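Since the structure comes first, as structure tokens, the remarks are kept for the end.
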4 protein chains.
Amino acid sequence: MVQISLRKQPVQARSQATCAAIKEAAARILVTRGIEALNTNLIAETAGVSVGTLYQYFPSKQAILAELIRDMRAEMLTDLQRGRQAAQGCDLNTTVRILIDATLDHHRRDAPRAEALEHAEATLRMDGETERLKADIHLLVVEILTLFGVDAPARAARDLAALASGMARAAVWAGETDFDDVAARITRAATGYLRPN
Amino acid sequence: MVQISLRKQPVQARSQATCAAIKEAAARILVTRGIEALNTNLIAETAGVSVGTLYQYFPSKQAILAELIRDMRAEMLTDLQRGRQAAQGCDLNTTVRILIDATLDHHRRDAPRAEALEHAEATLRMDGETERLKADIHLLVVEILTLFGVDAPARAARDLAALASGMARAAVWAGETDFDDVAARITRAATGYLRPN
Amino acid sequence: MVQISLRKQPVQARSQATCAAIKEAAARILVTRGIEALNTNLIAETAGVSVGTLYQYFPSKQAILAELIRDMRAEMLTDLQRGRQAAQGCDLNTTVRILIDATLDHHRRDAPRAEALEHAEATLRMDGETERLKADIHLLVVEILTLFGVDAPARAARDLAALASGMARAAVWAGETDFDDVAARITRAATGYLRPN
Amino acid sequence: MVQISLRKQPVQARSQATCAAIKEAAARILVTRGIEALNTNLIAETAGVSVGTLYQYFPSKQAILAELIRDMRAEMLTDLQRGRQAAQGCDLNTTVRILIDATLDHHRRDAPRAEALEHAEATLRMDGETERLKADIHLLVVEILTLFGVDAPARAARDLAALASGMARAAVWAGETDFDDVAARITRAATGYLRPN
DNA sequence: CATGAATGAGTCTTCATTCAT
DNA sequence: CATGAATGAAGACTCATTCAT
């Protein structure tokens, strides 16, 4: 359980810029050189600040990673909420298709980063805020599945998330870039999973 | 790329026991305390040997992990080959069901261990032998899909593996133990994925 | 081939002092307890800093030694260049005498240290900078010998350097401190070596 | 001060062969891979025996090296004694030439080995037996120099030994193989050193 | 006696974190 | 606030030596 609350709220513009630079540096290192190469001195250097400054904004190395992941999950929740809006009144299959599409939006924005963060996520124990976001994401899917009368909606939501995440990450690994096609294939599997009978 | 060849071939009974104890200790730590807590001193202590002994059998810490993973992949290949035998003459859906069942055999033997190793696998660059095993596993699936005239069989094999692995790992995370049920759900998704049209 | 470039350029006064303290500590240990007793923990402790600090300034243990040796060779080159200036217009024997005197200047400054470093030098593969300094030293002698029409000047330069170095080190071992006398004896041998016929 | 007396006198032929094999292995490693690569496991393996056996014959790693050096010094003493016989009745210069020739005999037999051992010798504290041999060698030269009325014969003997050893080692380093020529050059220097006036 | 498995003290090196300036 | 020098605990790995078989 990682303490990620900022030590100080970066209210000023410069502070926010520094904070963002640190996070960007960490993400870039994570993607290009892997989690083993990720260390605070390198993050600070890459961000163009001193280690001391880094520790002004983040209480620990883990906190930086945790916040990166939290941001990703927050974006994903937003993407899914937008998807739900768009799917108002559609049938199950269409809704599923739209939500899967939404799920892949952060891959579309920066696939290697999404992949790296999802992998890092499995290594860390999450902070409360991120857990809450993940719960919200899960709940959103559960609600929709419930609406369509799907059996064991919690388990189904988990299965679908795992299926989608697994396939998306494998596609990134394989170097695929056409995420519409990936979404289509994931949808085929999801639809099959949900098919009655 | 990790060098995993043993430094010393454990011919004597005591040697083999020691070697196995080291691997078991590493696996136990990996499962119970995670990859960050995995260090050579702890492995040796847990195995009841000295660090020196550990290094008689393994050239590096990574090599221990690599061999654990290689063993798992080797078992999985065997499981799948057995599955293919059993599926001789069956239709696609049945064959898929049988192979997915086989895929979950190592989860059935020790689910937390399977989960931990699959996650660790994503962190390491594999040695040649393990790459070969993974290629063999992939090829086996590709061959079967080709036999049934599935489109883009290589990509389909990758998608199905990712889908199955993702769902299985999520189930383990959630604490499920009925892997027949998990297999049934994975099969639903896989069958949907493969459905023509 | 040892990488000796400092990790951090010691610009501040404190840094330079720390860096120098580390080198001094290493030299002192080398002289008093020999190369086998030389280890990074002891160097750091002797220098009054932590190991971490040592590694801020030197990328490896070898690099410390390498830089000590490089410094010595750089001083020696300067000594010899000064000697060459002083010998302008002298005959061969006088020139030789002056250069041998110059060669012993670093023994005059700190004989045990010179001895210890020259011995350590034979153990290490040198970095490029030190090789260049040694080549420059060699070249300086070759040029002078060529000027006086000495046969096979490269080989003669090597022979004379070996002769001088060997005798000087033996003198230090024996506890001699009058390096003018040592220089006189070396000069006798060198003059004999160069005598035509 | 290294304890080198054998733990057991190798009276039997097999024992002597084992003992020699260990020494040969150590020497070969020293020459081909340097003193840093010299370790007991490698020596034993190279010699075709087990570590345990190695420790039957030598009380420590250092003892092996020490005995190798002792052997070399013993041979050198023999060479010099033979040289003194041959030089009976000759004048100083001829005697010097003969003795220098004798000094290079172990280089003629195996130059890289001689070089490696002489260098290793400088690193070790010698055992009593080797010290005695070196003292005998020194004394032999002192006696001859005294016979010819050389001033400060002990210091001269030391100077000549250093000069000869230094030049010979430099020649080996440079890859020279014609030790008659090396001897001639050393003799020129030695003769110059000894020249009255 | 020979073997080689086992030992564990000792070394090098890294890196998250602190704090004097 | 920013800096970056300093810290030192921790971890990977080596190798001389011992001892049960």
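Observations, loosely collected:
- Pairs where the first residue, in region C:140-156, is closer than 14 Å to C:Gly83 by Cβ and the second is surrounded by fewer than 18 Cβ atoms within 10 Å (Cβ to Cβ) and of a type in the set (Lys, Arg), C-beta under 7 Å, 6+ apart: C:Leu140/C:Arg84; C:Ile144/C:Arg84
- A:Leu77 passes every criterion in (1) away from DNA strand F (no atom under 15 Å from the Cβ); (2) surrounded by 15 or more Cβ atoms within 10 Å (Cβ to Cβ); (3) more than 14 Å from every other protein chain (Cβ to nearest Cβ); (4) more than 30 Å from A:Thr146 (Cα to Cα) apart from (4).
Condition check ((1) within 12 Å of DNA strand E (Cβ to nearest atom); (2) at pLDDT 90 or above; (3) farther than 15 Å from A:Ala120 by Cβ) across all residues:
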position	(1), (2), (3)
A:Arg7	yes, no, yes
A:Pro10	no, no, yes
A:Arg28	no, yes, no
A:Thr53	yes, yes, yes
A:Tyr57	yes, yes, yes
A:Gln62	yes, yes, no
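- Residue check for C:Leu65: away from every other protein chain (no Cβ under 14 Å), in a helix (DSSP H, G or I) and either buried (at least 18 other Cβ atoms within 10 Å of the Cβ) or within 16 Å of DNA strand F (Cβ to nearest atom) (or both): no
- In region D:80-101 there is no residue matching the filter, namely being in contact (Cβ under 8 Å) with a residue 24 or more places away in the chain, within 16 Å of DNA strand F (Cβ to nearest atom), within 14 Å of another protein chain (Cβ to nearest Cβ) and in a helix (DSSP H, G or I).
- Test: residue in region A:46-56 that is more than 14 Å from chain B (Cβ to nearest Cβ), away from DNA strand F (no atom under 16 Å from the Cβ) and in a helix (DSSP H, G or I): no
- Scanning region B:146-158 for residues that are part of a helix (DSSP H, G or I) and within 14 Å of chain A (Cβ to nearest Cβ) yields B:Pro153, B:Ala154, B:Arg155, B:Ala156, B:Ala157, B:Arg158.
- Checked against (1) facing chain A (nearest Cβ under 7 Å); (2) out of contact with any Ser or Thr (no Cβ under 9 Å at 6 or more places or on another chain); (3) not β-branched (Val, Ile, Thr), B:His119 passes all but condition (2).
- Residue match in region C:161-180 (condition: hydroxyl-bearing (Ser, Thr, Tyr) and facing chain D (nearest Cβ under 9 Å)): yes
The values are calculated or read from the model by the stated rules, or taken from the named source; none is laboratory data. Predicted model only: the values in this text are computed from it and were never measured. In this analysis, Cβ positions are derived from the backbone assuming ideal geometry, glycine residues included, and neighbour counts consider all displayed protein chains.
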